[in-house]
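Inspection log for the structure reproduced underneath, given as structure tokens.
The values are calculated or read from the model by the stated rules, or taken from the named source; none is laboratory data. Everything numeric in this text was worked out from a predicted model, so none of it was measured. Please note: Cβ atoms are built from the backbone with ideal geometry, for glycine as well, and neighbour counts cover all protein chains shown.
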Amino acid sequence: MSGRRSRDNEFSRLVSIETIGPKAQIRKIEAGEEERRRLSERFGLVAIHGLSATLELSRPAGDMVRAKGHLVADVVQSCVVTLAPVPAHIEADFACTFAGGGRPEAEVEFDPLAEEDVEALTGEDIDIGETVAQQLAIALDPYPRAPGAAWPDHARPEAGGAGESREKPFGGLEKLRKP
């Protein structure tokens, strides 16, 4: 069961919170070819060859929905050194809570140190496809490198970071001062 779709998101699967009860229900979703293409553009990827997720949804309280999920994706990123394609297989578990339905966002308590994300409920639906897309973005390697890709000497991290030289900025002037 995939749910309705929203036109706003690349990978949208709307689930009415009214259809979710206290007993956990399983939802399986998979991105189609066009959705994967649009997500690739959104995240600056070469390609997404597969994206699917299994979510366990429950509603432990009236205005709270809990989602536990597992996503699987096959993506291709660009190497940060050579721009060569870097394929990656991603599997990630995640959990999030949607809370605050019908209340102003300011009344929902958010704990930045909590292990699980909390999203504000706005309206009658949650978009589990967008939740999965966001979790994919978090799971991506921020600095993918192709096998054997080496940083140029001047950009090695041990030299002070990308683009920085090992020489002092005014090292050449120092040589001119000495006879």
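Cβ separations smaller than 9 Å between residues 6+ apart or across chains give the following pairs from segment 125-152 residues that are surrounded by fewer than 16 Cβ atoms within 10 Å (Cβ to Cβ) to residues that are part of a helix (DSSP H, G or I) and modelled with pLDDT under 90: Trp151/Pro157; Trp151/Ala159. Might you check whether a residue that is modelled with pLDDT of 60 or more, within 27 Å of Gly44 (Cβ to Cβ) and among the hydroxyl-bearing types (Ser, Thr, Tyr) occurs anywhere in segment 109-129? Within segment 109-129 (the criterion being modelled with pLDDT of 60 or more, within 27 Å of Gly44 (Cβ to Cβ) and among the hydroxyl-bearing types (Ser, Thr, Tyr)), the answer is no, since none of the residues qualifies. From the list Val72, Val15, the lone residue that is touching a Ser or Thr at 6+ places or on another chain (Cβ under 9 Å) and not in a loop (DSSP other than H, G, I, E, B) is Val72. Among (1) outside any loop (DSSP other than H, G, I, E, B); (2) modelled with pLDDT of 95 or more, there is one condition Leu45 misses while meeting the rest; what is its number? Here Leu45 meets the rest and fails (1).
Of the residues making up segment 18-36, those that are loosely packed, with under 15 Cβ neighbours inside 10 Å, at pLDDT 95 or above and assigned to a helix (DSSP H, G or I) number 2. Does segment 29-38 contain any residue that is closer than 16 Å to Leu140 by Cα and in contact with a strand residue (DSSP E or B) (Cβ under 7 Å, 6 or more places away or on another chain)? Scanning segment 29-38, I find at least one residue that is closer than 16 Å to Leu140 by Cα and in contact with a strand residue (DSSP E or B) (Cβ under 7 Å, 6 or more places away or on another chain), so the answer is yes.
When segment 53-72 is filtered for residues that are among the small types (Gly, Ala, Ser) and either surrounded by 14 or more Cβ atoms within 10 Å (Cβ to Cβ) or not assigned by TED's automatic domain parsing to the domain that holds Pro144 (or both), the ones remaining, listed by number, are Ala53, Ser58, Ala67, Gly69.
The C-beta contact set for segment 79-93 (first residue within 14 Å of Tyr143 (Cβ to Cβ), second residue among the charged types (D, E, K, R), distance under 6 angstrom, 6+ apart or interchain) comprises Cys79/Arg145; Val81/Arg145.
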